[in-house]
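Read the structure below first, then the notes.
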Amino acid sequence: MRNTRTSRSWLWGMGLNALAACGALFLAMWALDRIRPLPPLPTPHPTSTPAPTPTPRRPFTYTIQPGDTLSSIAARFEVSLDALLQANHLSPETTIYPGQVLWIPAGGPAPLPIPLTPTISSPPSSMPVEINLQVLEVKGPGDLAVEALVLVNRGATISLAGWRIRDEAGNSFTFPALTLWAGSSVTVHTREGANTVTDLYWGRTEAVWRPGERGILEDSEGNPVLEFRVPESP
């Protein structure tokens, strides 16, 4: 009987020891799990911002500066020389001069701002500008196909924007925005056509000038600047 009790006591002791060992193992594993370092956060990858799409450039005008050539202007604004010549109805042999206004055709990115060279549109009160415009000739008066008036500037550079040429019958031509440099000239054709920096077109369907007729050039305020007479036919 005594041996049986001893055996039971021994078994209970073994069970308690095993239970204590299991508990200690569980606590150790729980503690290790609590102090386990967290996994590192994923490394952020930089995202690239797409470059803005260049805005196509619209046609615009450019006033020729001293030292400019047709090739240098085409290269400056990233257009082909052929496109520049076609836009202005010019040929490669055309001579250009400071003060001419060219059309720069569309294409390529918008250009950087260009330093503007001031032009004289109206004389400052303290610095009067010498106006010396002359009608060099009136070609083919009465013949619409060839009739044209050639105006030359013998004085200082001047803007002709808004100026008018009119005849005795009241017909008048108004100049677009155009800067006429000293020593340069512009031809005003009576017929229809596309304006360039050297040739302007009245857009009429019949001739205007008559031999012996008097004409007047007025500034943008309507003040007479020059009177001329169409030469008589030989």
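The values are calculated or read from the model by the stated rules, or taken from the named source; none is laboratory data. As the structure is a prediction and not an experimental result, all values here were calculated from the model. Cβ atoms come from the backbone with ideal geometry, glycine included; neighbour counts cover every protein chain shown.
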Checking residue 110 against (1) touching a helix residue (DSSP H, G or I) at 6+ places or on another chain (Cβ under 8 Å); (2) modelled with pLDDT under 85, only one condition comes out false. Which one? (1)
Of all residues in segment 224-234, which are in contact (Cβ under 8 Å) with a residue 12 or more places away in the chain, more than 20 Å from residue 189 (Cβ to Cβ) and not in a loop (DSSP other than H, G, I, E, B)? 225, 227
Examine segment 193-202 for a residue that is modelled with pLDDT under 90 and in contact with a strand residue (DSSP E or B) (Cβ under 7 Å, 6 or more places away or on another chain), and state whether such a residue exists. yes
Which one of these does residue 166 not meet: (1) touching a Ser or Thr at 6+ places or on another chain (Cβ under 7 Å); (2) of a type in the set (D, E, K, R); (3) under 24 Å from residue 99 (Cα atoms)? (3)
Look at residue 199 and say whether it is among the acidic types (Asp, Glu), more than 23 Å from residue 88 (Cβ to Cβ) and not assigned by TED's automatic domain parsing to the domain that holds residue 90. no
Working carefully through the options 133, 180, 160, find the one that is without any contact (Cβ under 8 Å) to a residue 40 or more places away in the chain, aliphatic (A, V, I, L, M) and within 21 Å of residue 227 (Cα to Cα). 160
Among the residues of segment 190-223, how many are part of a loop (DSSP other than H, G, I, E, B) and either more than 21 Å from residue 159 (Cβ to Cβ) or aliphatic (A, V, I, L, M) (or both)? 17
Among the residues of segment 175-215, write down those that are over 37 Å from the mean Cα position of the chain (by Cα) and hydrophobic (A, V, I, L, M, F, W, C). 207, 208, 209
Search result, residues across segment 89-108 that are free of Cβ contacts under 8 Å to residues at least 60 places away in the same chain and outside any loop (DSSP other than H, G, I, E, B): 103, 104
Which is crowded, with 16+ Cβ neighbours inside 10 Å and either basic (Lys, Arg) or touching a Ser or Thr at 6+ places or on another chain (Cβ under 8 Å) (or both), of 190, 157, 196? 157
